[in-house]
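A short worksheet on the structure shown next.
All of the numbers you see were taken from the coordinates with simple rules; none came from a lab. Predicted model, so just to flag it, every value in this text is computed and none were measured. Here the Cβ positions follow ideal geometry from the backbone for every residue, glycine too, while neighbour counts run over all protein chains shown.
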Amino acid sequence: MAVTKKIPMRMCLGCGEMKPKKELIRAVKAPDGSVSIDLTGKKSGRGAYICRSTECFGKARKSRRFEKAFSCRISDEVYDGMEKELTEDEQSGKS
């Protein structure tokens, strides 16, 4: 008898859709308080998930969902860095 593995589902902060964890990108707030994109999904800290699209990132940023998820203020520099990383990942994934 084959055991069907349960697929962990997470909600995207941008569009609010539940999707398999593997399809989403994790943003993480490290124990030291720094916030970054975790493309490996291995960094320690509090995680929040968004779709692999800059559109969802923009929605989550505009409505301050990352700040609500991590209970902290996030500077524009951090957001810009995260967006750059996400854009690079999006472009490398399409090629």
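Are any residues in the range 45-66 closer than 13 Å to V35 by Cα and surrounded by fewer than 17 Cβ atoms within 10 Å (Cβ to Cβ), and if so, which ones?
R46
I'm trying to understand the selection: among the residues of the range 36-50, which are hydrophobic (A, V, I, L, M, F, W, C) and in contact with a strand residue (DSSP E or B) (Cβ under 6 Å, 6 or more places away or on another chain)?
Here is the first cut: in the range 36-50, the ones hydrophobic (A, V, I, L, M, F, W, C) are 37, 39, 48, 50.
Within the range 36-50, I37, A48, I50 qualify.
So which strands (runs of 3 or more DSSP E) are wholly in the chain and hold at least 1 residues that are touching a residue at least 60 places away in the same chain (Cβ under 8 Å)? Can you show your working first?
Working: elements: 9-11, 18-20, 24-29, 35-38, 46-51.
Ranges flagged: 24-29.
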